[in-house]
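Everything below concerns the one structure shown next.
The values are calculated or read from the model by the stated rules, or taken from the named source; none is laboratory data. These figures come from a predicted structure and were not determined experimentally. So basically every Cβ, Gly included, is an ideal-geometry build from the backbone, and we count neighbours across all protein chains shown.
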Amino acid sequence: MFNKILNLKTEKVSVAAFIISVASFFSLLLGLLRDRLLTAQFDVGKDLDVYFAAFRIPDFVATVLVMGAISVAIIPIFTDNLNKNKEQAFKYLSNLLNLCLVALVVICSILFIFTPQLINIIAPGFSEDKKLITIQLTRIMFLSPILMGISNMISAVLMVFKRFLITAISPILYNLGSIIGILFFVPKFGIVGLAWGIILGAFMHLSIQLPSLFKTGFKIQNTFNFLDKDFLQTIKLTIPRAIGLTASQINLIIITAIGSTLVAGSVTFFSLANDLATPIIVLVAVPFAVAVFPALSSAISKNDKKDFLEKFYSVFRQILFLIVPVSGLCYILRAHLIRLVFGAGRFDWTSTKLTAACFGIFMIPLFAQGLIFLISRAFYAIKNTAIPALVSIFSIVILPPMAYFLVWALSFPNAFSYFVAYALRIEEMKNLAIVGLPLAVGVDVLIQFIILLVFLKFKIKEIEYKNLFVFFTKVLFATIITMILAYVVRQLFGGFLGSSTFIILFLQTAITAGFGFLVYAILSHFLKLPEIGAFKSFLFAQLGQLTATFNKSKIKT
């Protein structure tokens, strides 16, 4: 069975996308379970602030340099070489792996030496004791970018060989490693066990893929050619993508730095709320944007702008149709979701309320954040990577002053702070300044969204936003009605059942959410929104194709 999983090939793109989506869902569930275990065992203000701050720099290195940048550039170059000669493709891969391994070791070693100075930058508000622990955890975690960097490059190559299942399993093992660290390493090593859990997860992420890589015929070669034309082309393709990823990571570092100066636990509240909001984007917006990208590129290569616009409009509507009601219901159920996912052990009511407030704010611009993935790929399809990168850089410029201003505006009683507190139902909370962090991120996202739309209109003059805006108003209207009725149901069940236990809270949340989606489906039918039928057909089609793929593989075995 293990050998079958390692070597299962997925021929259909739609089935591959579905496998990745399902695996991503389970990986995200494990990630949320990890966060629940963290909040149950550790002090929010002392320990978890340290953990999330320590994660920032290693995650920056892994995300910017390899996971999201070089790994994307590998696929087209490796494919070109593979079509010419398999041995040539493997030589390119060996050279790339060797050079990147050396580069990652050198970079992480330098950062290891200067970790104290870096922590002073990203967590200036921490006490000396918290800084020392943060430095210790960060230095251990610098092993992670090295392992994850190599592993993600291997993932890119395995995708070329259509080994999608094994690449989809590896992120699950990464989160599983983190959970093992919490359950088994922490009791023995203390808080540093969290860092070793991250390293275990990275090792498992890499080791599960190596057998599949060697099964393709790959053998490591002793090549170190910095002047290789394919290596230089890889770096060239990496730079624009790296710039965009750098911007998002720098923004997180800025938020961490500001949060470290606020009340203890602020970094944790923001990070947990962001962790809970991320799955919605990953499961709803990203699959659609990724799936349509080849079709958009194909339409542009054929100079068929009509086909390009039809596909762009269709996916734009589908993302709006799904993400707006989901974010609306999550806003209504924000405190319930936070209590269900994180409300254990040492995570008290104050922590719940402030994290829920941050999560609620993340829900408001979530549609824009999801659509940015689509709009960026529209730019990539027309071979313009500069505009998304420049917009990302612009976000770095505006976020810090906006964050400082909003944190300041919410730090004392005034009309603005009263309005925010009332809207989020946290009037009794004294630490409102933390809410300024997700608020700044939300405004920043909306600004990026608007700028990208404007520039896309300049680049593709045929594009029209009027019908999309009309569609958005219909979806928003249906969502508002859904939220009102769901709120009534939530209050009714809360009055009858209460919310004292996990089971009751789960039932209350599930019933309210289920009722909300039913109302939204009915309203969509009356508003004549065809996306609900299209989504239903798509879901059943993917389930059928996935079943057929596994049955076919079983017969062959």
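Any residue in the range 446-457 that's free of Cβ contacts under 8 Å to residues at least 60 places away in the same chain and over 14 Å from R377 (Cα atoms): show its pairings with residues that are surrounded by 16 or more Cβ atoms within 10 Å (Cβ to Cβ) and not basic (K, R) at Cβ separation under 6 Å, as long as the two are six or more apart or on different chains.
Partner pairs satisfying both residue conditions: K457/I463.
Being buried (at least 19 other Cβ atoms within 10 Å of the Cβ), touching a helix residue (DSSP H, G or I) at 6+ places or on another chain (Cβ under 6 Å) and at pLDDT 90 or above is true for just one of A381, A403, A389. Which residue is that? Full working, then the answer.
Values: A381 fails: at pLDDT 90 or above; A389 fails: at pLDDT 90 or above.
Criteria check complete, one pass: A403.
Please go through the range 447-472 and give me each residue that is among the β-branched types (V, I, T) and either within 12 Å of F316 (Cβ to Cβ) or touching a Cys at 6+ places or on another chain (Cβ under 7 Å) (or both), ordered by number. If you could, list the steps in order and put the result at the bottom.
Taking the range 447-472 as the starting set, the residues that turn out to be among the β-branched types (V, I, T) are 447, 450-451, 454, 460, 463, 470.
Once the filter is applied, which keeps residues that are among the β-branched types (V, I, T) and either within 12 Å of F316 (Cβ to Cβ) or touching a Cys at 6+ places or on another chain (Cβ under 7 Å) (or both), the range 447-472 yields only I463.
Give, as residue ranges, the helices (runs of 4 or more DSSP H) completely inside the range 268-350 that count at least 3 residues that are among the aromatic types (F, W, Y) and not assigned by TED's automatic domain parsing to the domain that holds P365.
Working: elements: 286-301, 305-332, 334-342.
Counting at least 3 such residues, we get 305-332.
Residues in the range 97-126 that are of a type in the set (S, T, Y), crowded, with 16+ Cβ neighbours inside 10 Å and either farther than 13 Å from R56 by Cβ or not assigned by TED's automatic domain parsing to the domain that holds M153 (or both): how many? Outline the logic, then answer.
Residues of the range 97-126 that are of a type in the set (S, T, Y), as a first pass: 109, 115.
The next check asks that each one be crowded, with 16+ Cβ neighbours inside 10 Å; those that pass are 115.
Those still in the list that are either farther than 13 Å from R56 by Cβ or not assigned by TED's automatic domain parsing to the domain that holds M153 (or both) too: none.
Within the range 97-126, residues that are of a type in the set (S, T, Y), crowded, with 16+ Cβ neighbours inside 10 Å and either farther than 13 Å from R56 by Cβ or not assigned by TED's automatic domain parsing to the domain that holds M153 (or both) number 0.
Please state which of the following conditions D230 fails to meet, knowing it meets all the rest: (1) under 30 Å from R34 (Cβ atoms); (2) crowded, with 19+ Cβ neighbours inside 10 Å; (3) not hydrophobic (A, V, I, L, M, F, W, C).
Going through the list (1) under 30 Å from R34 (Cβ atoms); (2) crowded, with 19+ Cβ neighbours inside 10 Å; (3) not hydrophobic (A, V, I, L, M, F, W, C), D230 breaks only (1).
Select from the range 460-510 the residues that are outside any helix (DSSP H, G or I) and of a type outside the set (D, E, K, R) and write down the one among them that is modelled with the lowest pLDDT.
Restricting attention to the range 460-510, the residues satisfying the condition of being outside any helix (DSSP H, G or I) are 460-465, 498-501.
Still in the running and of a type outside the set (D, E, K, R): 460, 463, 465, 498-501.
On the way: I460: 91, I463: 93, Y465: 93, G498: 56, S499: 59, S500: 63, T501: 76.
Looking at residues that are outside any helix (DSSP H, G or I) and of a type outside the set (D, E, K, R), I get G498.
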